[in-house]
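J.: The structure is given below, and queries will be raised subsequently.
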Amino acid sequence: MAEKVVIIGSGPAGWTAALYAARANLEPVVYEGAIIEENRLKGTLPLGQLALTTEVENYPGFPEGVMGPELMEKFREQAKRFGTRVVTDDIVEVNFKRHPFRLKSLEGQEVEALSVIVATGARANYLGLPSEERFKNNGVSACAVCDGALPRFRNKPLVVAGGGDSAVEEGTYLTKFASKVYLVHRRDQLRASKIMQQRVFDNPKIEIKWNRVVDEVLGTDQQGVTGVRLKGTVDSATEEIACTGMFAAIGHTPNTDFLKGQLELTPKGYVRWTKLNRCYTSVEGVFAAGDVADDYYRQAVTAAGTGCMAALDAERWLAEKGLA
């Protein structure tokens, strides 16, 4: 028997979709992801990106802040309270060319679904340094909007690695809090749009380190990040910069590999929303929520909002089709 709603993903979007779907008596099933080493290395374990963060200060309802893993556990428990079923497994293959849709999991389970909500998120791209991994959430971040206002970054020098629009936006944003921002770019000119570049050049708090890459993140387990070592890309020069934070700003990768041509994607690989102010995708009955479709805001609260929207869209679509 086909499930009414299958939700793929377990971040704020997935659990919010599950909460709304469960309260609408749609008996949703959430595939939250598998607990395997590959997912740990990619940052795609159950509970999404927030489970990899420490303190979250900008989610409404928590005036004193809340730890990321705690917040996500609350999301999960609330969805389960209303009857959401949870499967700790990955969906690795989908067939959206037939209805009911057919999904296959990593463990070999096959499930049919009358509707599907894709909420698999996007993972931040990091530099791939062992020292970077060591100091994640202790001075290393990939989200200035999420973390820039934290006490360890205020009135301190910070480093941003990257040269595109993301890096320029992150660097400019961080000047609200930092004493100085070093923008480290491997080339001698930025890839960002001209208007964004001008903002950097005009900002007295930003210093660009041209033809440089971050070679190592420096620090201690007690203090966290205390600096970075830069290496030249056109010479062998090295340089150490004192800072309390290093922000990787080299983009995000949406978790859409498993779709394999089943849904229309944007040039950046995100699921394309096909109807204004709706969470519809290119396949009728398949909806998308959160960062897997949103490459602009990428916030927990906006992901949760589109999770709600996707569930309501699915509920109304099923009703219109006489399927629920």
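Taken together, the values in this text are just the output of simple stated rules run on the coordinates, not laboratory data. These numbers were taken from a predicted model, which means no experiment stands behind them. Positions of Cβ are generated from backbone atoms using ideal geometry, with glycine treated the same way; all protein chains shown enter the neighbour counts.
J.: Pull out a ≥ b ≥ c, the square roots of the eigenvalues of the alpha-carbon gyration tensor of segment 126-248, then state rounded if a/c is under 1.5, prolate if not and a/b is larger than b/c, and oblate in the remaining case.
T.: oblate
J.: Here are labelled values, (1) 71, 49, 49; (2) 52, 43, 41; (3) 65, 37, 34, and one is the computed Cα extents along the principal axes in Å for what I pasted. Which one?
T.: Label of the calculated value: (3).
J.: Under a 5 Å amide H to amide H cut-off, with H placed in plane at 1.01 Å, what residues pair with HIS252 once short-range neighbours are removed?
T.: Residues meeting the amide H criterion: ASN125.
J.: Can you tell me the length gained on complete extension of the stretch GLU240 to THR253, counting 0.36 nm per residue apart and subtracting the Cα distance?
T.: So the extension gain works out to 1.7 nm.
J.: Taking C-beta distances below 4.7 angstrom as the pairing criterion, name the unpartnered cysteines of the chain, in sequence order.
T.: If one checks each Cβ against the other cysteines of the chain, CYS243, CYS279, CYS308 turn up with nothing under 4.7 Å.
J.: Right, here's the next one. Report, in debye and to the nearest 20, how large the dipole of segment 99-154 comes out about its Cα centre when Lys and Arg carry +1 and Asp and Glu carry -1 on their Cβ.
T.: 280
J.: While we're on this one: Determine the shape class of segment 1-123: with a ≥ b ≥ c the square roots of the Cα gyration tensor eigenvalues, call it rounded for a/c under 1.5, and otherwise prolate if a/b is greater than b/c, oblate otherwise.
T.: Oblate, since a/c reaches 1.5 and b/c is not below a/b.
J.: Normalised by the number of residues in the chain, what is the relative contact order in percent for Cα pairs under 8 Å and 6+ residues apart?
T.: Taking the mean separation of contacting Cα pairs over the length of the chain, I get 21 percent.
J.: So which trypsin sites (Lys or Arg not before Pro) in segment 1-98 end up in coil per DSSP with only 10 or fewer other C-beta atoms within 10 Å?
T.: Passing sites in segment 1-98 are LYS97, ARG98.
J.: Among bridges DSSP assigns within segment 126-248, what percent are antiparallel (round to 5)?
T.: Here the antiparallel bridges make up roughly 45 percent for segment 126-248.
J.: State the Cα centre-to-centre distance between segment 7-56 and segment 149-185 in whole Å.
T.: Segment 7-56 and segment 149-185 have Cα centres separated by 29 Å.
J.: To continue, here is another question. Dipole of the chain, Cα-centred, from +1 at each Lys and Arg C-beta and -1 at each Asp and Glu C-beta, to the nearest 20 debye?
T.: 640
J.: Two decimals is fine: what is log10 I(q)/I(0) at q = 0.11, 0.15, 0.17, 0.21 Å⁻¹ for segment 69-207, from a Debye sum with one equal scatterer on every Cα and no solvent?
T.: Each listed q corresponds, in turn, to -0.65, -0.87, -0.95, -1.22.
J.: Can you give the angle from 0 to 90° between the axis of helix 12-23 and the longest principal axis of the chain, with both taken from C-alpha atoms, to the nearest 10?
T.: Approximately 20 degrees, to the nearest ten.
J.: Tell me which chymotrypsin sites (Phe, Trp or Tyr not before Pro) from segment 240-317 have a DSSP coil assignment and no more than 16 other beta carbons within 10 Å of their own.
T.: TYR296, TYR297
J.: Assuming R0 = 25 Å, can you tell me the calculated FRET efficiency for the pair GLN223 and SER179, based on Cβ-Cβ distance, to the nearest 0.05?
T.: Here the calculated transfer efficiency is 0.90.
J.: Still on this structure: Identify, among LEU230, TYR280, GLY61, the residue whose Cα sits farthest towards the positive end of the charge dipole of the chain, taking +1 on the Cβ of Lys and Arg and -1 on the Cβ of Asp and Glu, with the dipole about the Cα centre.
T.: The one lying farthest along the dipole's positive direction is TYR280.
J.: Also, quick follow-up: Quick one: dipole size for segment 279-324, taken about the Cα centre, charges +1 on Lys/Arg Cβ and -1 on Asp/Glu Cβ, in debye to the nearest 20.
T.: 80
J.: Next up: Please list the non-local residues whose amide H lies under 5 Å from the amide H of ILE7, H modeled 1.01 Å from N, same-chain partners needing a gap of 5 or more.
T.: Under 5 Å from the amide H of ILE7 lie the amide H atoms of VAL29, VAL30, TYR31, ILE117, each far enough along the sequence or on another chain.
J.: Moving on. Counting other C-beta atoms within 10 Å, which of TYR126, TYR20 has the fewest, and how do the rest follow?
T.: TYR126, TYR20
J.: Something else about it: Hey, if you drop one equal point scatterer on each alpha-carbon of segment 283-324 and run the Debye formula without solvent, what base-10 log of I(q)/I(0) do you get at q = 0.22, 0.24, 0.31 Å⁻¹?
T.: Debye intensities relative to I(0), on a log10 scale: -0.68, -0.76, -1.00.
J.: Taking amide H positions as placed 1.01 Å from N in the peptide plane, with prolines and chain starts having none, which residues 5 or more places from ARG212, or on another chain, fall under 5 Å of its amide H?
T.: Close amide H contacts, sequence-distant or interchain: HIS185, ARG186, ARG187, THR233.
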